[in-house]
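Structure record follows, encoded as structure tokens.
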Amino acid sequence: MREVRLRKALLVANAIFLLVASTGGMIADLAGAFAGIGPQRGVLGPAPYAAIGFVEAHGLAFIIGVLLWRAEPARSWHLTASGVHILLGTSNLVFWQIFVATDMLAMGWVTTTLHWLFVALHLAAAATYSRRGS
């Protein structure tokens, strides 16, 4: 039962990270695109329609956070969470210059590190399941 509680705690911690980070990101996206303020104003202010990818990514991260909050500690959820963070962490690395352009390097380091930490933790949790799924 201890393992089940730890797996559930990992899913909830992941959910909290996604909910907090996506909410902050969405606020910055909308502020930059529509009000021309905040760290993304230089990128999104001149081209507010470019915010669609930002808003979609942060909106989906929020929805996934809600799902992980309510998820049962099953192997499939740990693999799903790992896949989500592989996508988000890789995107941060491939598009790292957005953190430079918006003067948000600290945020880039923190979020990218947490994405890869969650990948490792969820893969480790998934690997602990026996063939019976316990």
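Values quoted throughout were computed directly from the atomic coordinates according to the rules given, and no laboratory measurement underlies them. Small disclaimer: the values here were computed from a predicted structure and weren't measured. Because the Cβ atoms are built from the backbone with ideal geometry, glycine has one as well, and the counts that use them run over all protein chains shown.
Quick one: how many residues across segment 92-134 are free of Cβ contacts under 8 Å to residues at least 60 places away in the same chain, in contact with a Lys or Arg (Cβ under 8 Å, 6 or more places away or on another chain) and in a helix (DSSP H, G or I)?
Final tally of qualifying residues: 1.
Are any residues in segment 68-100 hydrophobic (A, V, I, L, M, F, W, C) and more than 30 Å from Met1 (Cα to Cα), and if so, which ones?
Listed by number, the residues that qualify are Leu87, Leu88, Leu93, Val94, Phe95, Trp96, Ile98, Phe99, Val100.
If you go through segment 99-122, how many residues are of a type in the set (A, V, I, L, M) and either at positive phi or crowded, with 16+ Cβ neighbours inside 10 Å (or both)?
Adding up the residues that qualify gives 5.
Could you name every one of the helices (runs of 4 or more DSSP H) located completely within segment 1-83 that has at least 1 residues being without any contact (Cβ under 8 Å) to a residue 12 or more places away in the chain and exposed (fewer than 15 other Cβ atoms within 10 Å of the Cβ)?
Answer list for segment 1-83: 2-30, 51-70.
Can you name every residue in segment 123-134 that is among the hydrophobic types (A, V, I, L, M, F, W, C) and surrounded by 15 or more Cβ atoms within 10 Å (Cβ to Cβ)?
Leu123, Ala125, Ala126
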